[in-house]
Amino acid sequence: MQIKHRAKKSLGQNFLQDANIARKIVDSLKISEKDSVIEIGPGQGALTKFILEAGPESLTLVEKDRDLAPALEVEYPEAVVELQDALKFDWAGLDSAKSWKIVGNLPYNVASKIMWDIAAQSSATCVFMVQHEVAQRITAGPGSKKYGAISVWVQSFCKTDYLFKVPPTVFKPMPKVDSAVIKFFPLSEEEKPSDIEGLAKLIKYCFQFRRKQLGKILKSFISDSVHKWAEDEGLSLKDRPEALSPLQFQSLYKCVKNDFPS
Ligand code: SAM
């Protein structure tokens with residue numbers, strides 16, 4: 001797909017040039033004819049043709065760029081092209097009777113926010129290419145230096161897997177950093193937390209002070225139930241936020257929610 005457009009220059013997006021890597025990314029989503037696929041930021045269609053080759057029930061392309069979207073409509077008439085910002089997409093409104101799969105070589109400046117929303121709002125299986133550093137953070141477990149608010153949040157809704165690293169040389173223009181491909185497997189509805197706005201606030205609040213001990217971070221909310229929570233979970237209030245698993249954040253939230261500012 002040959003498109004001369006301003007996106008390359010003005011948005012600083014990096015377009016994948018390597019068909020083998022594009023195929024590997026799409027293969028890792030394991031698309032079947034029952035799946036409704038959404039591709040975020042298809043750009044010049046590096047992944048798109050492989051998605052269509054896999055034969056999904058439907059393909060929706062969410063592309064924000066005003067030059068790229070019409071060109072995609074011409075090149076891929078089988079797909080539905082939405083000229084839209086993925087940050088404003090109604091992920092929660094996807095028909096729950098369908099099997100959704102979401103894929104994209106995400107725009108790096110908004111990748112974390114897009115994944116934050118999709119993990120919590122959809123029940124889709126996803127494969128994303130993001131900056132290597134972001135991939136490490138999303139898939140990091142408790143105790144790791146890379147483990148932070150986004151790790152806890154995404155892993156509250158999905159099992160995450162780090163799939164493979166991608167070098168800068170396969171993009172045009174060439175980025176300064178490595179990339180990596182990650183996969184999300186959604187948890188069942190029963191396993192997902194409820195009251196997620198309050199939980200998000202608690203997670204962000206705790207990681208704002210990631211070097212501090214829980215007892216100090218939570219000093220305004222400490223009650224007998226918080227002491228009991230720590231004891232039951234085998235934690236100490238001297239531990240730091242990075243020691244808590246996603247489930248422990250959820251049980252902590254239940255303890256403090258009445259006192260925590262909403
Ligand atoms: N998938 C293509 C590839 O691998 O070559 C392009 C990837 S490029 C890193 C990111 C793409 O996302 C660009 O086409 C850009 O126009 C689009 N994009 C950027 N911000 C977006 C947003 N908020 N919503 C939807 N698309 C966006």
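The values are calculated or read from the model by the stated rules, or taken from the named source; none is laboratory data. All values derive from a computational prediction rather than experimental measurement. Cβ sites come from the backbone with ideal geometry, for glycine too, and all protein chains shown count toward neighbours. Quick note on the areas: whole protein, heavy atoms, side chains included, nothing else; ligands and nucleic acids left out. Shrake-Rupley method; radii C 1.70, N 1.55, O 1.52, S 1.80 Å.
Just to confirm my filter: which helices (runs of 4 or more DSSP H) fall fully inside the stretch 9-116 and include at least 3 residues that are closer than 21 Å to Tyr162 by Cβ?
19-27
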Exercise. Could you tell me whether Val134 is in contact (Cβ under 8 Å) with a residue 60 or more places away in the chain and either crowded, with 21+ Cβ neighbours inside 10 Å or of a type in the set (D, E, K, R) (or both)?
Key: no
Quiz prompt | Check on Val81, in contact with a Leu (Cβ under 6 Å, 6 or more places away or on another chain) and open to solvent by 10 Å² or more (accessible area, probe 1.4 Å) | solution = yes
Quiz item: Out of all the residues in the stretch 125-138, which are away from the ligand (no atom under 16 Å from the Cβ) and either among the basic types (Lys, Arg) or more than 18 Å from Val177 (Cα to Cα) (or both)?
Solution: Thr125, Arg137
Quiz item: Inside the stretch 55-65, can you point out the residues that are open to solvent by less than 20 Å² (accessible area, probe 1.4 Å) and under 19 Å from Ile118 (Cβ atoms)?
Solution: Leu59, Leu61, Val62, Glu63
Quiz item: Conditions: (1) within 16 Å of the chain's Cα centre (by Cα); (2) touching a residue at least 24 places away in the same chain (Cβ under 8 Å). Ala111 meets all but one. Number of the miss?
Solution: (2)
Quiz item: Inside the stretch 19-54, can you point out the residues that are open to solvent by 50 Å² or more (accessible area, probe 1.4 Å) and acidic (Asp, Glu)?
Solution: Asp27, Glu33, Glu53
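Quick check, is Glu82 within 13 Å of the ligand (Cβ to nearest atom) and either out of contact with any Ser or Thr (no Cβ under 9 Å at 6 or more places or on another chain) or of a type outside the set (Phe, Trp, Tyr) (or both)?
Here the answer is yes, as Glu82 does meet what is asked.
Kindly establish whether Leu68 is within 12 Å of the ligand (Cβ to nearest atom), open to solvent by 40 Å² or more (accessible area, probe 1.4 Å) and either within 21 Å of the chain's Cα centre (by Cα) or touching a residue at least 40 places away in the same chain (Cβ under 8 Å) (or both). Working first, answer last.
Working: within 12 Å of the ligand (Cβ to nearest atom): yes; open to solvent by 40 Å² or more (accessible area, probe 1.4 Å): no; either within 21 Å of the chain's Cα centre (by Cα) or touching a residue at least 40 places away in the same chain (Cβ under 8 Å) (or both): yes.
No.
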Exercise. Return yes when Ile40 is within 9 Å of the ligand (Cβ to nearest atom) and either at pLDDT below 95 or among the β-branched types (Val, Ile, Thr) (or both) and no when it is not.
Key: yes
